[in-house]
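The next block holds one structure in the form of structure tokens; read it before the comments.
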Amino acid sequence: MTKEKLALEIIERLKNEYPQADCTLDYNEAWKLLVSVRLAAQCTDARVNVIVEELFSVYPDVETLAGAPVEEIERIVKPCGLGKSKARDISACMKILHEQYGGKVPEDFDALLKLPGVGRKSANLIMGDVFHKPAIVTDTHCIRLVNRMGLVDNIKEPKKVEMALWKLIPPEEGSDFCHRLVYHGREVCTARTKPYCDKCCVKDLCAHNGVQE
């Protein structure tokens, strides 16, 4: 089976297994997702969702967060880890949104990448979830699973994984596919324990089980 055909089959199986493909960060505005995804680095989405409740209640829009003392932002977000650098990035990012974009998140991938604290993973998440554009989010679940499944061959660098997947995944499927990999990675194809291959919907396709392409 070619990697292209393998990808399409895995996409369909994961669709059936996880029909609701949603981001697990809570947000109702684009700038809030931008803040949350920065906080999610080396932190669980569940913890981020709790922490941002206080942050957004104190600073309810881009303008107020842009004007907030960095020390106050750090105090609130510290439980997410890396509080100093995350607070600095959030403050600088909100200032740019306020001063250059009228409080709006730019609908352009390259413009997103120029924002403080925003890398390819974050930019792709915004493009896919907020603007419904083609996107591939190569987080740790995605990288682990596509390697195990045999969609990529021992590639660990996020950008290289992303580039390889663009060749295999139909553009309109990329964002939801990556969300489903998160669900599958948390529930079945886990990182810290042996994967639960007996419960896996793609076990008969997976390279981890010795299935040949």
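Ellipticity at 222 nm from helices only: DSSP H runs of n ≥ 4 in the chain, each -39500 (n - 2.57), divided by the residue count, give -16500 deg cm²/dmol.
A 29 angstrom limit on the alpha carbon distance is what I want to check against. Which of 78/160; 133/199; 32/159; 86/199 exceed it?
Violating the 29 Å Cα-Cα cut-off are 78/160; 133/199; 86/199.
Can you bin the range 1-78 into rounded, prolate or oblate? Criterion: square roots of the alpha carbon gyration tensor eigenvalues sorted a ≥ b ≥ c, rounded for a/c under 1.5, prolate for a/b above b/c, oblate for the rest. Cα axes put the range 1-78 in the prolate bin. A crude spin-label estimate for the pair residue 61 and residue 20, with each label 7 Å from Cα along the Cβ direction, gives 3.1 nm. Which shape class applies to the range 30-129: rounded if a/c is under 1.5, otherwise prolate when a/b exceeds b/c and oblate if not, where a ≥ b ≥ c are the square roots of the Cα gyration tensor eigenvalues? Oblate is the answer for the range 30-129, as a/c is 1.5 or above yet b/c matches or exceeds a/b.
Just check the chain against the gyration tensor rule for me: Cα atoms, a ≥ b ≥ c as the square roots of the eigenvalues, rounded for a/c under 1.5, and otherwise prolate or oblate depending on whether a/b exceeds b/c.
On the way: a/c = 2.48, a/b = 1.92, b/c = 1.29.
Judged from the Cα gyration tensor, the chain comes out prolate (a/c at least 1.5, a/b above b/c).
Taking all Cα pairs closer than 8 Å and separated by 6 or more residues, the relative contact order of the chain comes to 22 percent. When cysteine pairs in the chain are screened for C-beta atoms closer than 4.7 angstrom, the residues that find no partner are 23, 93, 142, 178, 189, 197, 200, 201, 206.
Since every read-out is calculated from the coordinates, none of them should be taken as a lab result. Quick caveat: nothing in here was measured; it's all calculated off a predicted structure. Don't worry about glycine lacking a Cβ; one is built from the backbone with ideal geometry, like all the others, and counts go over all protein chains shown.
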